[in-house]
Amino acid sequence: MSVRDVNNHTLVQEGDVTMVPITSQLVSQGPKPATEIPAELTEYRPDSYRIHPGDTILVTVWDHPELTTPAGSQQQAVSNGRLVKPDGTLFYPYAGNVDVSGMTIEELRETLSNRLSKFLLEPKVDVNVVGFGSRVSLQGAFVDTTPQELTTVPLTLSQAIGAAQVDVDEADLSGLVLMRDQRNYRIDLDALNRNGNVAQQIYLKPGDHLFLPFNDRKEIYVIGEVLRPQAITFKTSDMTLTQALGRTGGLNPATSKGGAVYVIRGVEEMQNAPATVYHLDAKSPVAFALADRFSLRAGDVVWVGPAGVTRWNRFLTQLLPLTGIINNAAAAQYNIDRTSN
């Protein structure tokens, strides 16, 4: 056995694990949920609506119904509209093909007025968008993943999420990803809205994609001398050791030993590198406060033993069958983390 000091913590290297006691200093240095949103998201403000391929434009030329309602005045407005083609052009009688993509409604009105003035005396033109081709796509743990239109009224992230409705039982609220301009932004909805806080408004733009992951692979495994050993999924930024033990009914009062509460981290790599084992002496009254401040991660194994962990070979034999499951959870978390870079 060797003892070494790393980051002011005494670590005991024993066989296949690195032991770390859970202390007040350790929990105070633990990772905090990310609550900051990149400035490029919060500072973006959409300007006047810009015409987009797929939009349907209704052009009204006063006193010229043959131009305004060629399909007949009894038809819906969209039936008399003009579709902006994929190349961004729109055809209108006498005006010809007009490249309208990126134009504001006022700019298109002026362009059509100028072109029609060559054939009509002082044409009075009005322009409206009656169908929208700009959309935000959604994927993942939403109740409704139908793409949402971006209209002349700006759409915010909170409005889009509200309309799509989060599947609260299946969603990982900490893992929302906004994909924009070939960059992925990870947004922790749980952390942003904690303690009564209201997240800053984020306005969406054409082509944005929202992905909300499922929490089915975001699991913690509680085994050993607890009342209900089980795998626990969680949908928030983190879960504390107290919460995990509470969901399993707590320590078995007849068979558990309060001084043998361990959190094993890095199980998926145990065959290649030592795992880190955090030890909590639950016999101490201070332990309840420490456990409530110790955050667990997806893939962690909480093990409550009947005695001190002295025979690691026997313990690892019990633990290794879980590594396949934990590998899946760790891989899912790794993929989510990559999307935010």
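The values are calculated or read from the model by the stated rules, or taken from the named source; none is laboratory data. Since this is a predicted model, take the numbers as computed values, not measurements. Neighbour counts run over all protein chains shown; Cβ positions are idealised from the backbone, glycine included. The area values use the complete protein model at the heavy-atom level, side chains included, leaving out ligands, DNA and RNA. Shrake-Rupley method; radii C 1.70, N 1.55, O 1.52, S 1.80 Å.
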Checklist entry - If you scan segment 110-167, which residues turn out to be over 25 Å from Thr56 (Cα atoms), in a loop (DSSP other than H, G, I, E, B) and open to solvent by less than 20 Å² (accessible area, probe 1.4 Å)? => result Ala141
Checklist outcome for this item: Within segment 214-233, the residues that are outside any loop (DSSP other than H, G, I, E, B) and touching a residue at least 40 places away in the same chain (Cβ under 8 Å) are Phe214, Glu219, Ile220, Tyr221, Val222, Ile223, Gly224, Val226, Ala231
Checklist entry - If Gly259 passes every condition in (1) touching a residue at least 40 places away in the same chain (Cβ under 8 Å); (2) open to solvent by 30 Å² or more (accessible area, probe 1.4 Å); (3) touching an Asp or Glu at 6+ places or on another chain (Cβ under 9 Å) but one, which one does it miss? => result (2)
Checklist entry - Which residue, of Ser158, Ser134, Ser117, Ser113, is under 39 Å from the mean Cα position of the chain (by Cα), hydroxyl-bearing (Ser, Thr, Tyr) and farther than 30 Å from Asn215 by Cβ? => result Ser134
Checklist outcome for this item: Taking segment 168-178 and keeping only residues that are touching a strand residue (DSSP E or B) at 6+ places or on another chain (Cβ under 8 Å) and open to solvent by 60 Å² or more (accessible area, probe 1.4 Å), one is left with Glu170
Next on the checklist: Condition first: modelled with pLDDT under 80 and among the aliphatic types (A, V, I, L, M). Now tell me which residues in segment 67-108 satisfy that.
Outcome noted: Ala71, Ala77, Val78
Checklist outcome for this item: Within segment 198-239, restricting to residues that are under 24 Å from Arg45 (Cβ atoms) and among the polar types (S, T, N, Q), the one that is most open to solvent (accessible area, probe 1.4 Å) is Gln200
Checklist entry - Of the residues that make up segment 192-201, is at least one at pLDDT below 90, under 13 Å from the mean Cα position of the chain (by Cα) and either within 26 Å of Leu245 (Cβ to Cβ) or not hydrophobic (A, V, I, L, M, F, W, C) (or both)? => result no
Next on the checklist: Test of understanding: among Val136, Val125, Val143, Val129, which residue is of a type in the set (Val, Ile, Thr) and in contact with a Lys or Arg (Cβ under 8 Å, 6 or more places away or on another chain)?
Outcome noted: Val125
